Amino acid sequence: MSYRAYLRSSFVGAFIVGSVALLICFVLVVGGVGWPLALLVTLMVVVAALAASVASWLQRRAFYTDLERSASDVRHPLWIAEMVDRPDFIEGELTYDALRAISKAANDDVASYRRQAADYREYVETWVHEAKSPLAAAHLMLENLVGSMPADDAADTALEKAEALEEELDRLEGYIEQALFFARSETLDRDYLIRKHRLGDLVSTAIKANARVMIATRVIPVQRNLDIEVFTDDKWMEFILGQLIQNSVKYARDEGATIEFRGAVVAEGMADECVVLTVSDNGCGVPAADVPRVFDKGFTGENGRTGKRSTGIGLYLVKRLCDKMGIGVEAQSDEGSGFTATLTFPANKMHYFERDPIKGMAP
């Protein structure tokens, strides 16, 4: 805090002191005191007031300077009270005490909400794991039921219903998986292992995990130029690719549906070298007005409202996890000609360790 700024804040006091000094000079002159003595007394009053003002400014300067610097530099505003020393003047003491009280109350609230969020996340993860057991049992029971059916028309009808039920169970299992990864995305750093993986292996694993739904909708996977290695976490990438596959399957055309996985190395040998994986389908596509919002949470777009099967969570999770893992993700689409998602993997594995896994940015 500069002295000029302090004087501006003390304008009323300075005005009063100046007025009093002029009044004293006038009274002395009217009382018969000579001009030299009157001016000397007035000057002494002004100098005394100025000295008191400077002393008051020096007393407050350190506190307000620290407060101003902390407000602009501290990473989290709730830490300001810990970064500033308690002053020795009454206004500063009151300000500091109020700041400490507000900071303590806010920190207590934040800690309480964090505990509640952690408890809820733990509950969701536990519920998801528990829910998988009856789902697995239901799948097994359906398989045993289908295998024991006799070969007749009634059995064919029952088989069709069993297959339809199997598809619904798969869809339910997918939603449960989404809930699990959504809960875990808040604590990605606890379960995040960067290793070198071949793109073809990552894609093949995701295709196998979603093979049943792809077969049911007759979507043909095509893999091109995937003999490229990238640094990533295989479990999280399997989920990301699975969400892209499920999104393509959801809006696949009735005949000749395909989903293509194509890898490429961009700017090879340069400082910004990266590996690009494009996941393209030939489905109904997305209207141009919806493309910028496809990764927004809860956004379903025109197609989602028409089909009434979209939750707006799948692509949101793809974007969220990619941001946290340091993977670029973009979407391109033309209505009626398919949808393309582009994943960009930095070639340097140190890129991942230089990022903050919670906020998805360099600390």
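The values are calculated or read from the model by the stated rules, or taken from the named source; none is laboratory data. Just so you know, these numbers come straight off a predicted model, no measurement behind them. Glycine also receives a Cβ, built like all others from the backbone with ideal geometry; neighbour counts cover every protein chain displayed. When the accessible area is computed, the model is the full protein with side chains, heavy atoms only, and any ligands, DNA or RNA have been set aside. Shrake-Rupley method; radii C 1.70, N 1.55, O 1.52, S 1.80 Å.
Within the shell defined by Cβ-Cβ distances under 9 Å, the residues around Phe299 carry a net charge of 0, with Lys and Arg each +1 and Asp and Glu each -1. Applying both filters, DSSP loop and at most 14 other Cβ atoms within 10 Å, to the trypsin sites (Lys or Arg not before Pro) of segment 234-339 gives Lys297, Lys308, Arg309. Taking Cβ atoms as reference points and 12 Å as the exclusive limit, the residues near Leu135 contribute a net charge of -4, counting Lys and Arg as +1 and Asp and Glu as -1. For segment 238-257, no residue has its backbone nitrogen under 15 Å from a point 7 Å from the Cα of Asp334, taken along Cα to Cβ. Cα-Cα over 27 Å: which of Lys104/Lys319; Lys104/Lys324; Lys132/Lys196; Lys161/Lys319; Lys235/Lys319; Lys132/Lys235? Result: Lys104/Lys319; Lys104/Lys324; Lys132/Lys196; Lys161/Lys319 exceed 27 Å.
Solvent-accessible surface of protein heavy atoms, probed at 1.4 angstrom with all chains present, puts Ile24, Ile194 in the order Ile24, Ile194, largest first.
For the pair Asp108 and Trp127 in one chain, pulling the backbone fully straight at 0.36 nm per residue adds 4.0 nm over the alpha carbon distance.
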